[in-house]
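The values are calculated or read from the model by the stated rules, or taken from the named source; none is laboratory data. Because the structure is a prediction, the values reported are computed rather than measured. Reconstructed Cβ throughout: ideal geometry from the backbone, glycine too, with neighbour counts over all protein chains shown. These area figures cover heavy atoms from the full protein model, side chains too; ligands, DNA and RNA do not enter into them. Shrake-Rupley method; radii C 1.70, N 1.55, O 1.52, S 1.80 Å.
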Amino acid sequence: MLLTSHHTHLFSIVLICNNNNKIQYYCFASINSIRNEDVHADMVAEESGPGAQNSPYQLRRKSLPKRTVCPTKTNMEGASTSTTENFGHRPKRPRVSGKCQDLPAAPAEQYLQEKLPDEVVLKIFSYLLEQDLCRAACVCKRFSELANDPILWKRLYMEVFEYTRPMMHPEAGKFYQINPEEYEQPNPWKESFQQLYKGAHVKPGFAEHFYSNPARYKGRDNMFYYDTIEDALGGGQEPHFDGLIFVHSGIYTDEWIYIESPITMIGAAPGKVDEKVIIENTRDSTFVFMEGSEDAYVGYMTIRFNPDDKSAQHHNAHHCLEITVNCSPIIDHCIIRSTCTVGSAVCVSGQGACPTIKHCNISDCENVGLYITDHAQVTHITRFSFILFVAVKGQTGYFESCNIHRNRIAGFEVKAYANPTVVRCEIHHGQTGGIYVHEKGRGQFIENKIYANNFAGVWITSNSDPTIRGNAIFNGNQGGVYIFGDGRGLIEGNDIYGNALAGIQIRTNSCPIVRHNKIHDGQHGGIYVHEKGQGVIEENEVYSNTLAGVWVTTGSTPVLRRNRIHSGKQVGVYFYDNGHGVLEDNDIYNHMYSGVQIRTGSNPKIRRNKIWGGQNGGILVYNSGENLLCGHCTYKFMYALNA
């Protein structure tokens, strides 16, 4: 038995039933509704037909509410009752006034809206595209609930965008994926679909299929499909195009991608999106941002520059990303790789070049990771794997949650008045140092993990003045923080431990402020001040180092104030070879040797300290050492041996 209705208001349905009136197959024909006069008489007989008492859907049927209908002035004289005429034109029902009365609902409408099992309705709805599904949701409360089922929308969503987790896009320049079960709204798939709906899709081979099947994809007039990224960028004049381009799974090679408008380009793929969408160039810069791309966005993809001749000199002007004058694009959640030995992975140059770079992974580069010059600026950078920051004339930057590792040059280099902020990065396993600040560089390095670099974790030199605060600096193959050549800076609140050389080394007229740090368990000393090093070292805890807690030597004159220096395996504070300075208000205790040793021409001022628990005395002065003791010092032992 075949039951069909005409398409008049909401939807029509085809049901094929067997002789026992049990549904065997169903599918949608179009988006319309079923009226009473459209239904074959056998539909009404289903409840009383054979097998009705054993129907599996009896428990799902609800009590049927009456609906209020206004009476007509006639008895619809001349209305056709034949099944043949049901497919023809229906005359409009005349409008009448008068008292309304309750009439029973049309059987077909009643059946579909109230009695048809949820599983059947959901199966029917699964054949609809998004616009038809939204129209079906307007029929009644029950259809609204079923048409908003997350499973329906997940299927549609993955068909269009491929993401296995919803990609939220709450505002311009902001994208992030969520776990659906943790989202506060009931249907994140539909919400994300609405946010991403208007866009162009780069999906090689699919464009011909899409445009040759207009009936299949009816209602998706706001979507455009292209085979190449260049074609998608050239299609920006489409009337419904709002600048959003999805680049689907695949490897896109040697396309000329010059961006000079505020477009948004994002990878679209299942799983780890940035690993599935790969854009590379072997001859020229992979992406070039030009004037006009102020608010452009590129995210969730791998960007590679992989020339055949990796050392060719002309490639020093080629990069994965090239950001030029008056550009402020956002680069987000990208993996950036360059195998070229003469050029950088990212180059930012020119007046007004001010990108925002966040959640990126730039690692294993053969040369410079990020090169910033010619009055360029960087406002926001997060999650990097290799960065070289070189800037002039007061440039800034914000770097957060970066992963900087396995690179041939310093993980992060700052010079020439550059003033970046680097927060919660991991800078590790570099073939040279971790952070290199020189030539009057500045910057704030906050809450980073800096470890296992071949050279010092942090280098500061040549009148540079950065702030190093709240970092963990550990397990370096040389020292933790190395300040030399007139270096300055504030070293504050760091945990510095397990380094092969001194936790902090200050030399050659450098004068930092070192305070509130923990410097411990080093394979060498804690703090090493030499070659006319200076600085204020206060309120630190220095303990459990292999050699002296603090060394002061060769004409150095630091001020050590209110520190706790304890539990060392040798001396607490060691002045030698003309080491000078001030040692005041410190608590120095429990060392394997003496608390303080002074020798060979050293002459520090020592006042108001507590020095106790040394197994070889409190203060040991010998070999022409001198000292000025004043104030209220407390010593357990003191030896003065002058030769």
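Meeting the requirement of 3 or more residues that are open to solvent by less than 40 Å² (accessible area, probe 1.4 Å) and either under 19 Å from Met168 (Cβ atoms) or not aliphatic (A, V, I, L, M) (or both), the strands (runs of 3 or more DSSP E) wholly within the range 263-313 are 264-268, 277-281, 297-305. Scanning the range 534-552 for residues that are part of a strand (DSSP E or B) and either over 17 Å from Pro512 (Cβ atoms) or of a type in the set (Asp, Glu) (or both) returns Glu538, Glu541, Tyr543. Among the residues of the range 553-565, those that are assigned to a strand (DSSP E or B) and within 20 Å of His530 (Cβ to Cβ) comprise Thr553, Val559, Leu560, Arg561, Ile565. Of the set (1) buried (at least 24 other Cβ atoms within 10 Å of the Cβ); (2) hydrophobic (A, V, I, L, M, F, W, C); (3) farther than 23 Å from Ile446 by Cα, all apply to Val559 but (1). Open to solvent by less than 10 Å² (accessible area, probe 1.4 Å), farther than 30 Å from Glu162 by Cα and touching a strand residue (DSSP E or B) at 6+ places or on another chain (Cβ under 9 Å), is that true of Cys327? Yes: the conditions hold for Cys327.
Suppose we filter the range 133-166 for residues that are among the hydroxyl-bearing types (Ser, Thr, Tyr) and open to solvent by 20 Å² or more (accessible area, probe 1.4 Å); how many remain?
2
In the set (1) at pLDDT 90 or above; (2) touching a strand residue (DSSP E or B) at 6+ places or on another chain (Cβ under 8 Å); (3) open to solvent by less than 40 Å² (accessible area, probe 1.4 Å), Lys123 fails one condition alone, (3). Tell me, yes or no, whether the range 611-628 has at least one residue that is assigned to a strand (DSSP E or B), open to solvent by 60 Å² or more (accessible area, probe 1.4 Å) and at pLDDT below 95. Among the residues of the range 611-628, at least one is assigned to a strand (DSSP E or B), open to solvent by 60 Å² or more (accessible area, probe 1.4 Å) and at pLDDT below 95, which makes the answer yes. No other residue among Ile446, Ile409 is β-branched (Val, Ile, Thr) and either modelled with pLDDT of 90 or more or in contact with a His (Cβ under 6 Å, 6 or more places away or on another chain) (or both) apart from Ile446.
Does Gly568 satisfy the criteria of being in a loop (DSSP other than H, G, I, E, B) and over 20 Å from Asn499 (Cβ atoms)?
Details: in a loop (DSSP other than H, G, I, E, B): yes; over 20 Å from Asn499 (Cβ atoms): no.
No, not satisfied.
Taking the criterion of being in a helix (DSSP H, G or I), under 14 Å from Phe193 (Cβ atoms) and hydrophobic (A, V, I, L, M, F, W, C), the residues of the range 107-159 that qualify are Leu133, Cys134, Ala147, Ile151, Leu152, Trp153, Leu156, Met158.
Of everything in the range 433-461 that is part of a loop (DSSP other than H, G, I, E, B) and open to solvent by less than 10 Å² (accessible area, probe 1.4 Å), the residue that is nearest to Gln478 (Cα to Cα) is Ala456.
For the range 330-339, give me each residue that is in contact with a Gly (Cβ under 9 Å, 6 or more places away or on another chain) and open to solvent by 10 Å² or more (accessible area, probe 1.4 Å).
Taking the range 330-339 and keeping what is in contact with a Gly (Cβ under 9 Å, 6 or more places away or on another chain), we get 330-334, 336, 338.
Answer for the range 330-339, where residues must be in contact with a Gly (Cβ under 9 Å, 6 or more places away or on another chain) and open to solvent by 10 Å² or more (accessible area, probe 1.4 Å): Ile330, His333.
Identify, from the list Phe210, Phe206, Phe161, the residue that is in contact (Cβ under 8 Å) with a residue 60 or more places away in the chain and in contact with a strand residue (DSSP E or B) (Cβ under 7 Å, 6 or more places away or on another chain). Spell out the reasoning first.
Working: Phe210 fails: in contact (Cβ under 8 Å) with a residue 60 or more places away in the chain; Phe206 fails: in contact (Cβ under 8 Å) with a residue 60 or more places away in the chain.
Residue meeting the stated conditions: Phe161.
Kindly indicate whether any position in the range 241-249 is open to solvent by less than 10 Å² (accessible area, probe 1.4 Å) and over 28 Å from Asn326 (Cβ atoms). The answer is yes; a qualifying residue exists.
The set of residues from the range 331-346 being in a loop (DSSP other than H, G, I, E, B), in contact with a helix residue (DSSP H, G or I) (Cβ under 7 Å, 6 or more places away or on another chain) and not β-branched (Val, Ile, Thr) comprises Cys340, Gly343. Return yes or no: is Phe241 modelled with pLDDT under 95 and outside any loop (DSSP other than H, G, I, E, B)? It is false that Phe241 is modelled with pLDDT under 95 and outside any loop (DSSP other than H, G, I, E, B).
Once the range 571-586 is narrowed to residues that are assigned to a strand (DSSP E or B) and either surrounded by 20 or more Cβ atoms within 10 Å (Cβ to Cβ) or of a type in the set (Asp, Glu) (or both), the residue that is farthest from the chain's Cα centre (by Cα) is Tyr576. Scanning the range 401-432 for residues that are in a loop (DSSP other than H, G, I, E, B), touching a Cys at 6+ places or on another chain (Cβ under 7 Å) and under 14 Å from Ala345 (Cα atoms) gives a single hit, Asn407.
Looking across the range 179-231, the residues that are outside any helix (DSSP H, G or I), more than 20 Å from Gly271 (Cα to Cα), open to solvent by 30 Å² or more (accessible area, probe 1.4 Å) and among the charged types (D, E, K, R) come down to Glu184, Lys198, Arg216, Lys218, Asp221, Asp227. Residues of the range 474-505 that are in a strand (DSSP E or B) and under 14 Å from Asn453 (Cα atoms): Phe474, Val481, Tyr482, Ile496, Tyr497.
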